[in-house]
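The structure appears below as C-alpha cells.
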Amino acid sequence: MRNKKILITGGAGFIGSHVVRLFVNKYPEYDIFNLDKLTYAGNLENLKDIKNAPNYRFVKGDIVDAQFLNTLFKNYKFDAVIHLAAESHVDRSISEPLEFVMTNVIGTVNLLNAARAEWKDDSTKRFYHVSTDEVYGALGDSGMFTEETKYDPHSPYSASKASSDHFVRAYHDTYGLNVVISNCSNNYGSHHFPEKLIPLAINNIKHNKPVPVYGKGENVRDWLFVEDHAKAIDVIFHKAKSGDTYNVGGHNEWKNIDVINLLCKIMDKKLGRPAGESAKLITFVKDRAGHDLRYAIDSTKLQEELGWTPSLQFEEGLERTVDWYLSNEEWLRHVTSGEYMKYYDGQYNKR
Ligand code: NAD
Ligand code: TYD
C-alpha cells in the first residue's frame, strides 16, 4: 500500500513547523508535503532538524495562485490537507487588510477548489482548517467561547479567518467535502516570530529595548503551549467526524501585564540581572484599535470526546520558551534582519 500523502500549508511558520515536525517524526508511513510561500513569517530554519527526513518534502508556493494549486494537487494526489498558511498578525491586518483577504480568504477558497476538483466525491479525503478563537469576538469579564458561540470578529485578521471558516463549512454543506475546523487560543513557544507579544518582549528585554504594552495591559489572552496545539491537531485530524469543530485551549487566562511581569522575572534570572531590572523596560503605549478585551476557550468537547489535554503549566512553558530564544541567537538575528526589522519592535502601534 502506498504511503498516505498529507499536504500541510504554512509549515514554515510558527505553529505549522511544530505540526510538520510532529507528523514527520510520529508517522513515518505518511509522506508530508510542506507548502509555504516563505513570507516574512515563514522560515525553513524552523525545520532544519527534519529537512532531510525521507518522508518530508518542501514545496515553495503561494496559495493565492489557483493555477499552481490545481497543478500541485493533480501531480501529487494528496490524501488530506492540514491548512495553516495565513497572514496571522492582528496589528499588520489593521494596516494591510487586503493581504489578509488575499491569503486567508482567497487562498483558502483556492485550496478548497483544488482539493474538490481532485477528490471529487471521495469522502475519505480530509480538509482540515486550523483557525483561531478570535472569530468569536471578545468576552467581557466572564464566560468562555464554546463551539456554539456566534461568530463576531472585530479585526481584519479575525474577519478573514471567520470568512475562511465559513467557506470551509460551506464546502462541507454544499459539496459534501470532508472538513474539520479547530479554533485555538493564543499559542506560545519556540520559533514564534518576534512581532507577537511574548517573543517580542523576550527579544526586547534581551536587547534592553522598551517592551510596548498596549493600553493598560488589562487585556486577557488564554495561552497554550504550541506543542500542545500540535498534539491537538494530530488528535482532531485523526479522530474528528466530518463537518465537526473543536475549540482548543489550555484554561490559562492571563492579563498581558501579568504575562510581561512574569517574563521580566524569568529574564532577570536567566540573564543574571538584579530583580526588577527588566521590568523597567515596560512601556505603556497607545492601545490597539478595536482591541478585543478578553479571550477564553472552553475546550471541554475536545477533552471529553477525543481525550486531549494540555501537558504543560504556563510558568514552565514560558521558562522553556525563554531558554529556547536565549540559545537561538542566530535564528533571532536572521528572522529580524532586513525587511523584518520594521515589524519586530512594536512599530505597528507607533504609526
Ligand atoms: P505564522 O504567521 O507564524 O505562519 C504562517 C505561515 O504561512 C508562514 O510560514 C508563511 O510563510 C505562510 N504563508 C503566508 N501566506 C502564504 C501564502 N499566500 N501561501 C503560502 N504560504 C503562506 O502563523 P502561525 O502563528 O503559525 O499560525 C498558523 C495558523 O494557525 C494560522 O492559520 C493562524 O490563523 C492559526 N492560529 C494561530 C494562533 C496563534 O496564536 N499564533 C492561534 C490560533 C490559530
Ligand atoms: P498578539 O501576540 O499580537 O496576539 P493576538 O492579538 O492575536 O492576541 O497580542 C497578544 C496581546 O498582547 C494582545 O492583547 C495585544 C497585546 N500586545 C501588546 O500589549 N504589546 C505588543 O507589542 C503586542 C505585539 C501585543
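The values are calculated or read from the model by the stated rules, or taken from the named source; none is laboratory data. What you see is a predicted model, and the numbers here were worked out from it, not measured in a lab. Virtual Cβ from ideal backbone geometry, glycine too; neighbours counted across all protein chains shown. What goes into the accessible areas is simple: the full protein's heavy atoms, side chains included, and nothing from ligands, DNA or RNA. Shrake-Rupley method; radii C 1.70, N 1.55, O 1.52, S 1.80 Å.
Taken per residue, the accessible surface of the range 67-122 reaches 40 Å², heavy atoms only and a 1.4 Å probe. For the chain, the mean residue ellipticity at 222 nm estimated from helices alone is -12000 deg cm²/dmol, where every DSSP H run of n ≥ 4 contributes -39500 (n - 2.57) and the total is divided by all residues, rounded to the nearest 500. With q set to 0.14, 0.19, 0.26 Å⁻¹, the log10 of I(q)/I(0) for the range 178-262, from the Debye formula over equal scatterers at the Cα positions, is -0.58, -0.88, -1.27. For LEU35, the residues whose modelled amide H falls within less than 5 Å of its own, excluding neighbours fewer than 5 places apart on the same chain, are ILE8, THR9, GLY10, GLY11, VAL59. In the range 47-179, the ratio of gyration radius to Kirkwood radius, Rg to Rh, stands at 1.01 when only Cα atoms are counted. Using a probe radius of 1.4 angstrom, the carbon and sulfur fraction of the accessible surface of the range 66-184 is 54%. Model label points for GLU315 and LYS4, set 7 angstrom from Cα along the Cα-to-Cβ axis, are 3.9 nm apart. Legend: residue pairs LYS48/LYS196; LYS60/LYS255; LYS125/LYS150; LYS161/LYS255; LYS26/LYS60, Cα-Cα distance threshold 31 Å; pairs beyond threshold, LYS60/LYS255.
Using a Gaussian network for the chain with springs between C-alpha atoms less than 10 Å apart, which of these wobbles most: ARG320, ARG21, ARG169? Answer for the Gaussian network model of the chain: ARG320.
Charging the Cβ of each Asp and Glu at -1 and of each Lys and Arg at +1, and nothing else, the dipole of the range 145-204 about its Cα centre rounds to 140 debye. Annotation: extensible slack from TYR27 through GLU330 equals 106.1 nm (criterion: 0.36 nm per residue apart, minus Cα-Cα distance).
Rolling a 1.4 Å probe over the protein heavy atoms gives the range 212-274 an accessible area of 37 Å² per residue. Of all the options VAL285, VAL130, VAL179, the one that moves most in a Gaussian network model of the chain with Cα springs shorter than 10 angstrom is VAL285. Calculated over the chain, the projected area of the Cα convex hull averaged across directions stands at 16.8 nm². At full extension, LYS209 and LEU262 could sit 17.4 nm farther apart than now, given 0.36 nm per residue minus the alpha carbon distance.
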